[in-house]
Amino acid sequence: MHGLAFDIAHLLAGSMVIVSFMLLYQDRVYALLNIFALHSLVLALAVGWQAHIQNAPHLYVTAVIALVFKAIVIPTALYRIVRRLGIHRTLEVVGGVGRDMLAGTGLVALAILVMLPVTATADPLAREDLAFALAVVLLGLLLMVVRHNAISLVIGFMSLENGLVLAAAGAKGMPLAVEISVAFSVLIALIVIGVFLFRIRERFDSVDMQAMDTFREERRR
Amino acid sequence: MTLPLLLALPMVLLAVGVYAVIAARPPHGSRQVYSVALAVSTVALIAALAYLASGQAPETLRLPIGLPWLGAHFRLDPLAAFFLIVVNLGSAVASLFALGYGQHETAPERVLPFYPAFLAGMNLVLLADDAFAFLFAWEFMSLSSWALVMAHHQDPANTRAGYLYLVMACFGTLALLLTFGLLAGPDGGYNFDAIRAGQITPGLAALVLALALIGAGSKAGLVPLHVWLPLAHPAAPSHVSALMSGVMTKVAVYGFIRIIFDLLGEPVAWWWGGMVLALGGITAVLGVLYALMQHDLKRLLAYHTVENIGIIFIGLGLALAFQGNQMYASAALALTAALFHVLNHSLFKSLLFLGTGAVLTATGERDMEHLGGLIHPMPYTALAFLIGAAAISALPPLNGFVSEWLTFQAILLSPELPQWLLKFLAPAVGALLALSAALAAACFVKAFGITFLGRPRSPVAAQAKETDRYSLTAMFILAGLCVVAGILPGLVVDGLGPVVGSLNGSVQLTTQHNQPWLTLVPIVDVKSTYNGLLVMLFMAISGTLAALLIHRLASNKVRRGPAWDCGFPDASPATQYTAGSFAQPIRRVFGSVVFQARERVTMPPPGDLRPAKLEVRMRDPVWEIGYAPIATAVVALSSRFNYLQYLTIRRYLGLVFGALVLLLLGMVLWR
C-alpha cells in the first residue's frame with residue numbers, strides 16, 4: 001500500500017511540474033488560462049491524495065478550496081476580464097521556447113539538488129513533494145520574468161502560489177488556517193490585479209508591460 | 001531605595017515634555033518646564049550625592065518592560081552615581097539659567113518638549129543595566145539632542161550640522177550595538193551581569209575596545225570622529241549647548257568606562273592603553289589648535305570640548321596601561337585624574353557656554369570680531385566668564401589645574417611601566433598635554449580679551465545690557481564650584497574613591513581629607529603634593545598686600561587718562577587687536593603645517609580705490625582625509641546604482657529571480 005500511495009503522490013506532484021512547463025510555452029491567452037485551470041486541478045488532486053494518505057481531513061478542505069477557487073473561480077474571472085479587455089485574440093510573442101524549456105529544466109535540477117540534501121532526514125514522501133514544490137515555484141517565477149503580458153504575470157504568480165500550497169500540503173502538521181489565509185490572499189490579489197488591469201488598460205490602451213515602459217518618466221540609461 | 005526614585009524622576013521629565021507639547025504657552029510654559037526640570041535635577045543630584053556619600057552596595061531593579069525575555073534592568077553603583085552627579089548638576093544649573101534665558105527663545109515650542117526628554121535620556125543611560133536599555137536610552141538621548149540642535153532650523157548651517165550629527169550618531173550607535181553583540185556572545189546574554197561574568201577571547205576583546213572607542217568616541221568627540229561636534233553643539237540654544245558639551249560628552253565617557261573598565265574586566269594587553277593614550281594626546285592638541293583658529297565664541301568652546309575629552313582619554317589610557325601591567329596604585333591615580341577632569345570640565349564648560357549665552361542674549365552676536373568692551377555693561381557675566389576661562393586654562397588655584405596636575409602625576413609614573421613603547425609614548429603625550437594646556441590658556445586670553453576687554457567693535461556690543469538674575473545665579477553657582485573644587489580637591493578625590501575602587505580591583509587613592517592643611521598627596525608626600533588652599537591664600541594675601549601698598553604709597557584715587565593712541569588721534573575701534581590678529585602667530589607656527597594655512601595679500605595698484613585684502617585659507621586635514629573620500633564614494637556609488645530606481649517590472653522580477661537562483665546555487669555548491 002505504501003509503495004502505491006507514494007507512487008501516486010509522486011505522479012501527481014510530478015504532473016504539476018509538467019503542467020508548469022506547459023504554462024511556459026503557451027502563447028495564447030485562453031490556452032494559458034486553460035492550462036492554469038489544469039494546473040490547479042492537478043494541485044487539488046495532489047492535495048486530496050495527500051489528505052487521504054496522511055489521514056488529515058483538514059487537507060480535504062484545502063483541496064476543495066484549490067478546486068473551487070483556483071480551478072474554477074479564478075480562471076472564469078480571468079476569462080471574463082480577458083474578454084472584456086478584448087485581448088483574447090492577441091498572440092504573445094514568446095521569445096524562444098527552447099530557451100525557456102532549457103532554463104526550466106535547469107531550475108528543476110536546481111530544486112532537486114537543493115532540496116534532497118537539505119531534507120535528508122525527512123520522510124521520503126515530503127522530500128519529493130518539497131523538491132517538486134520548489135520546482136513549481138521557480139517555474140512560476142520564470143514565467144513571470146519571461147512574459148510581457150500582464151495576464152501572464154498574473155498566471156505566473158498564481159502558479160507560484162500553487163507551488164506553495166503543494167509544499168504546505170506535503171509537510172505534515174501544517175495548520176489549515178495558513179492555507180485558508182493564503183487562498184484568500186490570492187483571491188484578494190486577483191481582485192486587486194483585475195482592477196489594476198482595467199485601470200492600466202484605460203490609461204495606456206494596452207496591458208503589455210513593454211508598452212507601459214515608454215510612459216515612464218525620467219528613464220536614465 | 002535610591003534607585004526607584006532616580007528612575008521615577010526621568011518619568012516626571014518625560015511627562016513634562018508631553019505637557020510642553022500639549023499645554024505650554026510662552027511665557028509661562030517655559031518657566032513651568034524649566035522650574036520642574038530644575039527641581040527634578042536637584043532632587044536627583046541630592047539623591048546621587050547621598051548614595052555616593054553613604055557608600056551603599058549597588059542597587060538593582062528589573063522592570064517588566066522592553067524585550068519580553070529580557071525586561072529592563074537598572075542598576076545604581078558608584079560609577080553611575082558619580083556620573084549622575086555630573087549630569088544632574090549640569091542640568092540643574094542649565095535649567096536655572098534657562099529660567100531667565102528661555103524668555104528670549106524665539107521658538108520655545110521646538111525647545112521645551114525636547115529639553116526634559118534630553119535630560120531624561122541622559123539619566124536613563126547612566127542607570128541602564130542591560131544592553132537593550134542602554135542603547136535605547138542612548139538613542140533617546142541622541143535623538144532628543146538632535147531635535148534641540150534643529151530648534152533653529154531656518155539657518156541652513158544648523159540643518160547641515162543636524163544632518164552630520166544624525167549620521168555620526170547613527171554610526172556611533174551602530175558601533176556600540178556591535179560592541180554589545182560581541183560582549184553578549186552567541187548566547188545573547190544582554191544583561192550586564194551576564195556580560196561581566198562571561199569570558200571573551202583576547203582578539204574579540206581588542207575588537208570590543210576598537211568598537212567602543214568608535215561608538216563612545218564619536219559621541220564624546222575623539223579625533224577623528226569629532227567633526228559633527230563643533231557644528232552641532234553651537235547650533236543649539238546656549239543652555240542646551242552647555243548641556244551637550246558639558247554633560248552629554250560625559251555620558252559618552254561614561255559609556256566608554258562602563259564598557260572597557262567594568263564590563264570587559266581586566267585589560268588583556270598593554271597596548272590598549274597605548275592606543276587610547278595616543279588618541280587622547282592627538283585629540284587634545286588638535287582640539288585646541290582648531291579652537292585657536294575660531295572666531296565664533298560657541299564654536300571655540302565646542303572645539304575646547306574636543307581638547308578636554310582628549311585630556312580625559314589620556315587619563316583613561318594611562319589607567320588602562322597601568323592596569324594591563326597590574327600596577328593598580330598607579331592606575332587609581334590615572335583614573336582619579338580622568339574622573340576629576342570629567343567633573344571639572346562639566347563645571348567650567350557649562351559655565352563658559354552659559355556666559356556665551358548671556359553675551360548672545362545681550363548682543364545677538366557670537367562672532368568675537370563684533371564684540372568687545374563687554375566688561376563695562378556686563379561686569380558680573382565678565383567675572384564669571386573670567387573664572388571659567390581661568391579654570392579651563394588650568395590656572396591654580398582653580399579646579400582645572402588640579403585634574404591636569406593629577407594627570408601629569410600619572411604620566412610621571414609611566415617610567416615604571418615595563419614596555420619600552422609606553423615608556424616613550426607617555427612622556428610624548430605629556431608634552432602634548434603641556435602644549436595643549438598652554439595653547440588653551442592663549443586661546444582663552446583671546447576669548448576673554450577680545451570679547452570683554454577693549455572697546456566695542458559694533459553698535460550692538462556698545463548697547464549691551466547685563467543679563468538677568470537667574471542666569472547670573474546659575475553662572476556664579478558654577479564659578480563658585482570651580483573655586484571650591486580647586487581649593488578643596490582632597491574632598492573630591494575622596495568622593496571619587498569608591499568609584500575608582502569599583503573599576504580598579506578595589507584599589508583607590510589614599511584618603512585625602514585628613515591630610516594636614518587639606519594638601520593633596522596622590523602618591524607619597526616626598527614625591528609630590530599640591531595645596532590649593534594655600535595657593536589661594538597666598539594669592540589672596542599677596543594680591544591684597546600689593547594693592548594696599550600701591551594705594552597707600554602711590555595714590556588711592558582711580559585716575560582716568562586718555563588712552564595711548566599710538567599717535568593716531570581718535571582711533572576707530574577697528575584698529576584694535578582682533579581675534580584673528582591675536583591667533584596669527586600661533587597660526588603661523590602650527591597652522592601652516594596642520595591646517596595648510598596660507599595667507600594671501602591682495603594689494604591693489606596705486607590709483608585703484610579697492611581696499612587691500614588679507615585672506616587666510618585653511619584646510620581641515622581630518623575632513624579632507626577621513627570624510628571627504630567617503631562622501632565622494634557614497635555619492636559616486638549611489639549615482640552609479642541610480643538606474644536601479646528606473647527598471648521595468650520584469651527587470652525587478654528578474655532581479656528577484658536571479659538573486660533567488662544564485663542563492664540556491666550557492667547553497668548547493670556550499671554543501
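Using protein heavy atoms only (no ligands, DNA or RNA), what is the total accessible area buried between B and A, 1.4 Å probe, nearest 100 Å²?
2000
What is the mean projected area of the alpha carbon convex hull for chain B, to one decimal in square nanometres?
38.7
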note = Quick shape check on the range B:531-573: root eigenvalues a ≥ b ≥ c of the Cα gyration tensor, a/c under 1.5 is rounded, otherwise prolate if a/b tops b/c, else oblate, and it reads oblate
query = Amide H neighbours of B:Ala72 under 5 Å, counting only residues 5+ apart in sequence or on other chains, H built in-plane at 1.01 Å?
reply = B:Leu63, B:Ile65
query = In the calculated pair distance distribution of the range B:311-410, what percentage of Cα-Cα distances lie above 19 Å?
reply = 51
note = Contact-by-burial set, the range B:619-664, min loss 40 Å², accessible area of protein heavy atoms with 1.4 Å probe, reference chain alone, gives B:Tyr643, B:Tyr646, B:Thr648, B:Ile649, B:Arg650, B:Leu653, B:Phe657, B:Leu664
message = Whole-Hz ³J(HN,Hα) for each residue in the range A:10-27, computed from phi via Karplus 6.51 cos²θ - 1.76 cosθ + 1.60 with θ = phi - 60°, x for glycine and proline: what do you get?
response = 4, 4, 5, 5, x, 4, 4, 5, 4, 5, 4, 5, 4, 4, 5, 10, 6, 9
Local electrostatic count, B:Thr602, Cβ distance below 9 Å [Lys/Arg +1, Asp/Glu -1] = +2
Alpha-carbon gyration tensor eigenvalues x 5, square-rooted, for the protein assembly as shown, Å = 69, 34, 26
request  = List the residues whose amide H sits under 5 Å from the amide H of A:Asn149, counting only those 5 or more places along or on another chain, with H placed 1.01 Å from N in the peptide plane.
outcome  = A:Met209
request  = Mind pulling the per residue volume of the convex hull built on the Cα atoms of the range B:140-241? Å³ is fine.
outcome  = 101
key: Pair B:Thr201, B:Leu644: separation of 7 Å Cα→Cβ label points (nm)   = 3.3
request  = May I have the pair-distance distribution P(r) for the range B:478-517, computed from all Cα-Cα distances with 5 Å bins from 0 and rounded to whole percent?
outcome  = 6, 24, 23, 20, 16, 9, 2
query = Where does the Debye-calculated log10 I(q)/I(0) of the range B:187-272 sit at q = 0.19 Å⁻¹, using only Cα point scatterers of equal weight, no solvent?
reply = -0.86
request  = Give the long-range amide H neighbours of B:Gly372: residues separated by 5 or more places, or on another chain, with amide H under 5 Å away, using H modelled in the peptide plane at 1.01 Å from N.
outcome  = B:Arg457
remark   = Sequence order, the range A:57-67: Karplus ³J(HN,Hα) from phi using 6.51 cos²θ - 1.76 cosθ + 1.60, θ = phi - 60°, Hz rounded, Gly and Pro as x, gives x, 5, 5, 4, 4, 4, 4, 5, 4, 4, 5
inquiry  = So, R0 is 41 Å and r is the distance between the beta-carbons of B:Val635 and B:His28; what FRET efficiency does that work out to, to 0.05?
reply    = 0.30
request  = Any chance you could count the Lys pairs in chain B whose alpha carbons are under 29 Å apart, treating pairs 8 or more apart or on different chains as valid?
outcome  = 18
Förster radius 41 Å - calculated FRET efficiency between B:Ala157 and B:Met603 (Cβ-Cβ, nearest 0.05) = 0.80
inquiry  = Quick check: residue separation of B:Ile65 and B:Thr544 times 0.36 nm, minus the Cα distance between them. What number comes out in nm?
reply    = 166.3 nm
ask   = Seen from all sides and averaged, what is the projected area of the convex hull of the Cα atoms in the range B:266-549, in nm²?
value = 15.5
query = Taking 0.36 nm per residue of separation and subtracting the Cα-Cα distance, what length does fully extending B:Gln56 through B:Arg588 add?
reply = 186.0 nm
ask   = For the range B:370-477, what number results from the quotient of the Cα radius of gyration and 2.2 N^0.38 Å?
value = 1.46
ask   = Which whole-Hz couplings ³J(HN,Hα) result when phi for each residue of the range B:596-602 is put into the Karplus expression 6.51 cos²θ - 1.76 cosθ + 1.60, θ = phi - 60°, listed in order with x for Gly and Pro?
value = 6, 5, 10, 9, 9, 9, 9
remark   = With label points set 7 Å from each Cα along the Cα-to-Cβ direction at A:Asn55 and A:Thr105, the distance between them in nm comes to 4.3
key: Histogram of C-alpha separations across the range B:621-670, 10 Å bin width, %   = 22, 24, 25, 21, 7
ask   = Quick one: what does P(r) look like for the range B:115-196 with 5 Å bins over all Cα pairs, in whole %?
value = 3, 15, 21, 19, 16, 11, 7, 4, 2, 1
key: Compactness of the range B:1-60 as Cα Rg over 2.2 N^0.38 Å, two decimals   = 1.36
ask   = Can you give me the relative contact order of chain B as a percent, contacts being Cα pairs under 8 Å and 6 or more apart?
value = 12
ask   = What do you get for Rg/Rh of the range A:39-170 when both radii come from the Cα atoms and Rh is the Kirkwood radius?
value = 1.03
note = Helix-only [θ] at 222 nm, chain B, -39500 (n - 2.57) per DSSP H run of 4+, per residue, nearest 500, equals -22000 deg cm²/dmol
request  = Output the peptides B:309-318, A:49-58 sorted from most to least packed, where packing is the average of other Cβ atoms within 10 Å over each peptide's residues.
outcome  = B:309-318, A:49-58
query = If you take the beta carbon distance between B:Glu109 and A:Ala120 as r and set R0 to 51 Å, what does 1/(1 + (r/R0)^6) give as a FRET efficiency, to the nearest 0.05?
reply = 0.20
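The values are calculated or read from the model by the stated rules, or taken from the named source; none is laboratory data. Just so it is clear, the model here is predicted, and its values are computed rather than measured. Don't worry about glycine lacking a Cβ; one is built from the backbone with ideal geometry, like all the others, and counts go over all protein chains shown. All accessible areas refer to the heavy atoms of the entire protein, side chains included, with ligands and DNA or RNA removed. Shrake-Rupley method; radii C 1.70, N 1.55, O 1.52, S 1.80 Å.
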